[in-house]
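Here the structure comes first, spelled out in structure tokens, and everything after it is commentary.
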Amino acid sequence: MAAAGYCHEQGINREVFPTYESYCLAFATELARLLANRGDPTNPDDLLSGVDSSKLHSSFKTDTHPRLAAAGYYEFVSQPQRA
């Protein structure tokens, strides 16, 4: 999460991508990098299969930096399920 913290500290919250597909690729790359940096053995493809495409598309449309979107998604799926 250090990379996401760096983005916040430096004000790097947005990045424009020409296509939704290129944004999805950057998101997937950032998610895989995050898993590796955290030592999380989860297969990135397993996490990607659960991504809400409407939320990801919203992040693309608002130019949310894919590193921040990936970090937010990882935090969300890592939370213990509450009853």
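For this structure, a couple of remarks:
- Residue selected from segment 54-83 under the condition in a helix (DSSP H, G or I) and small (Gly, Ala, Ser), by the criterion nearest to Leu31 (Cα to Cα): Ala70
- Long-range neighbours under 9 Å by Cβ, at least six apart or interchain, first residue polar (S, T, N, Q) and at pLDDT below 95 within segment 12-27, second surrounded by 14 or more Cβ atoms within 10 Å (Cβ to Cβ) and not in a loop (DSSP other than H, G, I, E, B): Asn13/Cys7; Asn13/Thr64; Asn13/Leu68
- Residue under evaluation Val51, criteria (1) part of a loop (DSSP other than H, G, I, E, B); (2) at pLDDT 90 or above; (3) surrounded by fewer than 17 Cβ atoms within 10 Å (Cβ to Cβ), criterion not met: (3)
The values are calculated or read from the model by the stated rules, or taken from the named source; none is laboratory data. Worth saying up front: this structure is predicted, and the values here are computed from it rather than measured. Cβ atoms come from the backbone with ideal geometry, glycine included; neighbour counts cover every protein chain shown.
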